[in-house]
Amino acid sequence: MVGPGKFLGTLAKIVSRVSVQGQANLEILDRPGPAIIVVNHTTVVDVIVVVGTLHNMGFTADGPCEGVCPHRRHIRPMGTSDLWNFPVSKQVCEGSGIIPVDQFDGRGAYKAARDALKRGEVILIYPEGDVKINEQGAPRSWRPGASGLAKAGSAVVIPIAHHDSRNLGSGSVRRSIVMGLTSFLRRPVIQLLIGKPVDSDQLKPLSVSQANDLLEQALFDTWQLTSAETTSR
């Protein structure tokens, strides 16, 4: 069975050309300890760009390896539980590290993510929670949860921003998926920037609200840099 990391890693190469900068900022994940990757969300198919590219750099969303692990680190994305409602996506997700999120009650996912951080694992989260994008595709306000998780889990936070994954697929979920899966005909260039990590010590003295402001700004600043790179091309 092909896991989501390997599947998306292969797909990312086929349907897009991802230009990655800031890879050195991921070196902190080569050390043990809890971490949260926060990513802006502009289209349902930006998971191809983000999770697929991370897999190709050694950070996989596949389930635990048997025997010698060839990966730098396993990550656990938080994704909608609807993924388990469709045969293909269910097959990809089963046995993976994905934490399912119920759109009506996220308490179970929050607890699973908090427990994973306590075990020193890496969580990947889209803190905006949806893809109701603005015209610029800039990061929007975060939903409650990500900042609380970072403080509760004493986790380092790595912001990752992409621009413009909407060239891969946009609009309705169905339209975005069809565009994404057929974009091998276009292979759009998408900018991906791994931002400077925010250490847990920076968050410790802050309230959850203050930590949220700091982390929101870190992701926005990262997005601005990669957006400017796209504009300058």
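Using only side-chain charges placed at the Cβ, +1 for Lys and Arg and -1 for Asp and Glu, the dipole size of segment 4-232 relative to its Cα centre rounds to 340 debye. In terms of distances greater than 29 angstrom between alpha carbons, the cross-link table entries Lys6/Lys118; Lys90/Lys111; Lys111/Lys132; Lys90/Lys132; Lys13/Lys151; Lys90/Lys118 yield Lys13/Lys151.
For segment 95-160, the set of GluC sites (Glu not before Pro) satisfying both a DSSP loop assignment and a count of at most 12 other C-beta atoms within 10 Å is given as Glu135.
Here the Gaussian network model covers the chain, with springs between Cα atoms less than 10 Å apart; of Leu124, Leu193, Leu181, Leu181 fluctuates the most.
Under 5 Å between amide hydrogens, built in the peptide plane, is the criterion, and for Ile99 it picks out Met78, Gly79 among residues at least 5 positions away or on other chains. Secondary-structure-derived ellipticity at 222 nm for the chain, considering helices only, amounts to -11500 deg cm²/dmol, per-run term -39500 (n - 2.57) for DSSP H runs with n ≥ 4. A dipole drawn for segment 4-232 from +1 and -1 charges on Cβ atoms has a positive end, and of Ile28, Ala228, Val44 the residue lying farthest that way is Val44.
Computed over the chain with a Gaussian network model linking Cα atoms closer than 10 Å, the most mobile of Ala155, Ala138, Ala35 is Ala138.
Computing Rg/Rh (Cα atoms, Kirkwood Rh) for the structure here picks out one of [x] 1.11; [y] 0.95; [z] 0.93, namely [z]. Scalar couplings 3J(HN,Hα) for segment 180-193, obtained by applying the Karplus form with A = 6.51, B = -1.76, C = 1.60 to θ = phi - 60°, are x, 6, 9, 6, 4, 6, 10, 6, x, 7, 10, 8, 10, 10 Hz; x denotes Gly and Pro.
Springs between Cα atoms under 10 Å define the GNM used for the chain, and in it the highest mean-square fluctuation of Leu214, Leu185, Leu29 occurs at Leu185.
Every number in this text was worked out from the coordinates using simple rules, so none of it is lab data. None of these values were measured; they are calculated from a predicted model. Heads up, the Cβs are rebuilt from the backbone with ideal geometry, glycines too, and the neighbour counts pull from every protein chain shown.
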